[in-house]
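Taking it in order: structure first as structure tokens, then the write-up.
The values are calculated or read from the model by the stated rules, or taken from the named source; none is laboratory data. All values derive from a computational prediction rather than experimental measurement. Methodologically, a virtual Cβ is constructed for each residue, glycine included, from the backbone with ideal geometry; neighbour enumeration extends over all protein chains shown. In case anyone asks, the SASA skips ligands and DNA or RNA and just uses the protein heavy atoms, side chains included. Shrake-Rupley method; radii C 1.70, N 1.55, O 1.52, S 1.80 Å.
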Amino acid sequence: LSSTLPVAAVWLATALAPAIVLIVCLGLAPAFGPPRRSRSSVASAKQPDSEVLKVVESATAAAAVATAAPFQRASEVAETASAVQRLLEDDRYLVAEPLLQRLQATAVSGGAPARASARALSQLPASLPAATVLQRCVEARAALASICGAAGWRLVASTERESPAVPRSSTFLKREAGLMWSKTVAQLAVPAVDACAVVRESQLFKTWYPCCVKSERLAEVGRAEGLFRVEQRYEFPLVPVALREDIVLHGFLVDVSEEHGGLLVCGRSPKQSEWADVRFPPKPPGRYSWRTDVTALQFFVEPCGGAGCKMTLQLGVDDPGDACPNWLVDALMKRVIARLFSALGDKAAAVASSPATSPHAACMAANPQIYNEWLPTKIAACEASHRASARLVAAAPAAPERRWTSSLLRCFASPSAGKA
């Protein structure tokens with residue numbers, strides 16, 4: 001125990017906890033900052049048995065293309081290509097997926113539609129070729145299935161009224177295939193736009209997130225995708241040295257407002273080879289410093305109408321195994337997650353309660369196109385989806401009333417029947 005406890009405590013405190021909040025900021029890359037850069041390719045997030053999954057995903061994508069019905073007229077191709085461009089601009093990958101698959105199927109079918117489809121595919125954004133879009137769809141569906149599902153998850157902590165801005169939260173954990181996954185579902189008593197602003201304005205992390213001493217944007221690809229780096233410094237009681245950690249992260253937004261009533265972020269720590277035109281800074285100098293790689297990230301925000309929203313944050317990191325037993329993970333997660341969302345909620349609440357002194361409110365005022373138009377439009381679409389779902393539920397026919405089918409039960413239910 002004496003050897004396991006320090007190793008596990010330092011690992012969780014310095015690797016898992018900081019990454020949870022810091023990664024969220026990549027979901028909505030700020031509109032201002034360094035010049036936008038395109039990148040050569042986007043690799044998928046690392047998953048358990050990644051090589052096997054790549055084969056399965058490639059086979060699935062190939063099967064989908066093979067079964068997609070080719071277009072018969074070039075005019076259909078032109079209309080579809082235009083629709084795909086608009087959907088990609090709006091980050092609606094899951095809606096664009098079947099259209100892209102039909103374009104791919106048409107491109108190998110021959111004739112004028114095939115030539116038009118090949119031309120349309122070649123005109124996709126350099127950072128979003130068809131293969132990248134389809135891969136992101138695979139990641140998004142897997143993320144949503146895990147975020148919305150309960151299979152395999154174990155409840156670790158549940159808090160009530162951690163702060164006025166965070167009425168309640170629940171944290172779950174699962175360990176499988178060499179990965180440790182955490183999922184926290186938090187109800188926030190703040191508007192979704194304000195909550196997103198806190199995690200979006202990454203340059204302000206040092207004003208609210210403990211131990212963060214530096215953050216920088218390495219590249220920006222569109223309004224909702226970016227490459228980002230944060231650095232933390234940790235000091236522990238009775239430890240004569242300070243620990244320094246940095247994390248390089250890539251994240252992109254998937255708008256699933258109409259399908260699932262929320263906004264999804266997928267991300268991970270990329271490799272330098274995936275960003276040929278961006279030089280990653282070296283890790284912090286010193287003997288007690290390191291770079292943490294986050295295996296997978298999923299972040300989901302659902303507006304609840306009015307001044308409230310629900311945030312789900314899911315993170316996968318390499319499992320340290322026996323060096324970090326479940327009882328220790330549970331104890332640390334209970335403390336870390338509550339503190340994390342409490343700080344986030346308090347800063348989001350300050351946007352409305354103290355706009356004159358809130359740095360996040362100042363950033364929102366300086367970016368009206370983002371915070372008054374683009375993001376509110378997406379959130380409004382989420383709310384409309386929730387209202388439509390509620391109407392469908394309300395209009396659904398009630399379950400038929402249960403009838404007695406047993407003569408014995410009828411005897412108990414009716415005294416007269418029993419006498420007969």
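Among the conditions (1) modelled with pLDDT under 90; (2) open to solvent by 40 Å² or more (accessible area, probe 1.4 Å), residue 299 misses just one, which is (2). Annotation note: Cβ proximity below 6 Å between a residue of the range 313-341 that is closer than 21 Å to residue 195 by Cα and a residue that is open to solvent by 30 Å² or more (accessible area, probe 1.4 Å) (sequence gap 6+ or interchain) occurs for 338/162. Of all residues in the range 77-123, those satisfying the criterion of being surrounded by 16 or more Cβ atoms within 10 Å (Cβ to Cβ), hydroxyl-bearing (Ser, Thr, Tyr) and more than 17 Å from residue 222 (Cβ to Cβ) are 80, 106, 117. I want to confirm something. Restricting to the range 128-162 and keeping residues that are more than 21 Å from residue 99 (Cβ to Cβ) and of a type in the set (Val, Ile, Thr), which single residue is surrounded by the most Cβ atoms within 10 Å (Cβ to Cβ)? Residue satisfying both the conditions and the ranking: 156.
Residues being in a strand (DSSP E or B) and open to solvent by 20 Å² or more (accessible area, probe 1.4 Å): count how many of those fall in the range 219-237.
Counting residues in the range 219-237 that are in a strand (DSSP E or B) and open to solvent by 20 Å² or more (accessible area, probe 1.4 Å) gives 1.
Here residue 251 passes the criteria (1) out of contact with any strand residue (DSSP E or B) (no Cβ under 6 Å at 6 or more places or on another chain); (2) within 19 Å of residue 200 (Cα to Cα) except the one numbered (1). Taken across the range 272-288, residues that are of a type in the set (A, V, I, L, M, F, W, C), touching a strand residue (DSSP E or B) at 6+ places or on another chain (Cβ under 9 Å) and either within 30 Å of residue 384 (Cβ to Cβ) or free of Cβ contacts under 8 Å to residues at least 60 places away in the same chain (or both) do not occur at all.
Each residue in the range 187-203 was checked for being modelled with pLDDT under 85 and open to solvent by less than 40 Å² (accessible area, probe 1.4 Å), and 4 pass.
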